[in-house]
Amino acid sequence: MAPRSTQSIAVFERQGIRRIWADGRWWFAIVDVVNVLTASPNAHTY
C-alpha cells in the first residue's frame, strides 16, 4: 500500500509555513521557517 500524505499550512507569527505529513511525522518547508524567523524579504539567500 502506498504511503498517504497530507499537506497543510501551519501558521506562526501570522505567516504561513508549508508542511506535509509523511512517514508518520510533519515535514516543514525550511525556507518558510527562515522567512518567519528572520523577517527577510528574500529567505532563499540564507
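Data overview
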item: Order of V33, V11 under a 10 Å beta carbon neighbour criterion, fewest first; result: V11, V33
item: Net charge, A29 excluded, C-beta distance under 9 Å - Lys, Arg +1, Asp, Glu -1; result: +1
item: Cα coordinate range in the stretch 6-45, projected on the principal axes (Å, largest first); result: 31, 21, 11
item: Karplus-derived 3J(HN,Hα), 6.51/-1.76/1.60, for each residue of the stretch 33-46, Hz, glycine and proline x; result: 5, 4, 4, 5, 6, 9, 6, 7, x, 9, 5, 5, 6, 7
item: Net length gained if the chain between F28 and R14 were fully extended (0.36 nm per residue, minus Cα distance); result: 3.4 nm
item: Where labels lie 7 Å past Cα in the beta-carbon direction, separation of W21 and T45 in nm; result: 3.7 nm
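Taken together, the values in this text are just the output of simple stated rules run on the coordinates, not laboratory data. Source: prediction; values computed, not measured. Note: ideal-geometry Cβ built from the backbone for every residue, glycine included; neighbour counts use all protein chains shown.
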